[in-house]
Amino acid sequence: MADMGLFRNAVADWAAGGADGPAGERAGELAAERGVASVVLVEGPSDLAAVETLAARLDRDLSAEGVCVVSMGGAMNVGRYARLLGPPGLGLRLAGLCDVREQPYFDRGFQRAGAPRHEVFVCVEDLEEELIRALGVPRVEGVIEAEGDLAPWQTFVRQPAQRGRDPHHRMRRFLGTKKGRKIRYGHLLAQALDLALLPAPLDALLTALDPARAGR
């Protein structure tokens, strides 16, 4: 399995430093060395963790398929990443996974880069909400308990601001209350999910990337 870490790091350096220079050359070299053909642009590392976990559970080796999931550090960076990695830059196939509120950034970024906007897959609220809804509140509470976070969760739901709120909303808020928690639970919730109940945006994304569908 090809290690995509170096390629991701080179892309991040390239995006931070501008279109010209050695970082871009390095990213191109690594893409060729590792056989990168497609890039999935996601907002942050929790999305990356969930996508890669679900792919592995479906016996998909994304790296071997030439697919690299790239965390951009925010949806507003999509235009820059699409320009560097898509048709104007390395010429890689682009796909995206985003929250509904981020869709305009992705649509605009893909359009300007000459990449098809139908390759952007949109979550109803965000990826965490999709996973929580697919799992159900009791199952997510079981994951929280197994991770030793039950006491913080119970304290959180007793806060006056959380009373009367939809349980899915409270869980989404809880996952974002501590640094690193969203990343950890991106993996954990994807690991706990019944594969027959994949959220539609994730199912559509992974199906679109399936090499068995090439040429259909």
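Summary of values
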| read-out | value |
| --- | --- |
| Accessible area of the chain belonging to carbon and sulfur atoms, whole % at 1.4 Å probe | 50 percent |
| Mean shadow area of segment 43-107 over all directions, Cα convex hull, nm² | 4.5 nm² |
| Segment 34-177 - accessible surface per residue (Å², probe 1.4 Å) | 44 Å² |
| Kirkwood-type radius of segment 161-216, with distances r between different C-alpha atoms, in Å | 13.8 Å |
| Over segment 85-216, relative contact order from alpha-carbon pairs under 8 Å, at least 6 apart, % | 25 percent |
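The values are calculated or read from the model by the stated rules, or taken from the named source; none is laboratory data. Computed from a predicted model, the values in this text were never measured in an experiment. Each accessible area value is taken on the protein alone, full model and side chains, heavy atoms only, with ligands, DNA and RNA left out. Shrake-Rupley method; radii C 1.70, N 1.55, O 1.52, S 1.80 Å.
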